[in-house]
1. When only Cα pairs under 8 Å and 6 or more residues apart are kept, what is the percent relative contact order across the chain?
2. In what sequence do Thr11, Thr18, Thr27 fall when counting other Cβ within 10 Å, fewest first?
3. Per residue of the range 9-24, in order, report the coupling 6.51 cos²θ - 1.76 cosθ + 1.60 (Karplus, θ = phi - 60°) as ³J(HN,Hα) in whole Hz, putting x for Gly and Pro.
4. Kindly provide the trypsin sites (Lys or Arg not before Pro) of the chain that DSSP labels as loop, not H, G, I, E or B, and whose Cβ sees at most 13 other Cβ atoms within 10 Å.
5. Suppose we keep just the alpha-carbon trace of the chain; what are its Rg and Dmax in angstrom?
6. Can you give me the angle between helix 41-52 and the longest principal axis of the chain, using Cα atoms only, in degrees from 0 to 90, rounded to the nearest 10?
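We did not get these values from a lab; they are worked out from the coordinates using the rules stated. Only a predicted model underlies this, so the values are computations on that prediction, with no experimental measurement involved. Backbone-built Cβ (ideal geometry, glycine too); neighbour counts: all protein chains shown.
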Amino acid sequence: MSAIELSISCTDCVRRFTPDCGDCLVTFVLGDEPEELTLSPELADAAGLLSSHGMIPRLKFRRVASEA
């Protein structure tokens, strides 16, 4: 069970505007032009459970590497 809120900004994702974006949990929830998704710990757990059983797309977010 998650203990933290899940917050995802699509502008930080390397998969934005790729085919993976179209089959991601964020796009599934927000539509074709997602920007940011925030889920409570309970909703994040529910999404993880549904995703693990193939009922909804899994989260495909991968953060853009920061330049050091």
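1. Result for the chain is 46 percent.
2. In increasing order of surrounding Cβ atoms, one gets Thr11, Thr18, Thr27.
3. 10, 4, 5, 9, 9, 5, 8, 4, 6, 10, x, 4, 4, x, 10, 10
4. Those that pass, being in a loop and sparsely packed, are Arg62.
5. Reported Rg and Dmax, both Å: 12.1, 39.
6. Tilt relative to the chain: about 90 degrees.
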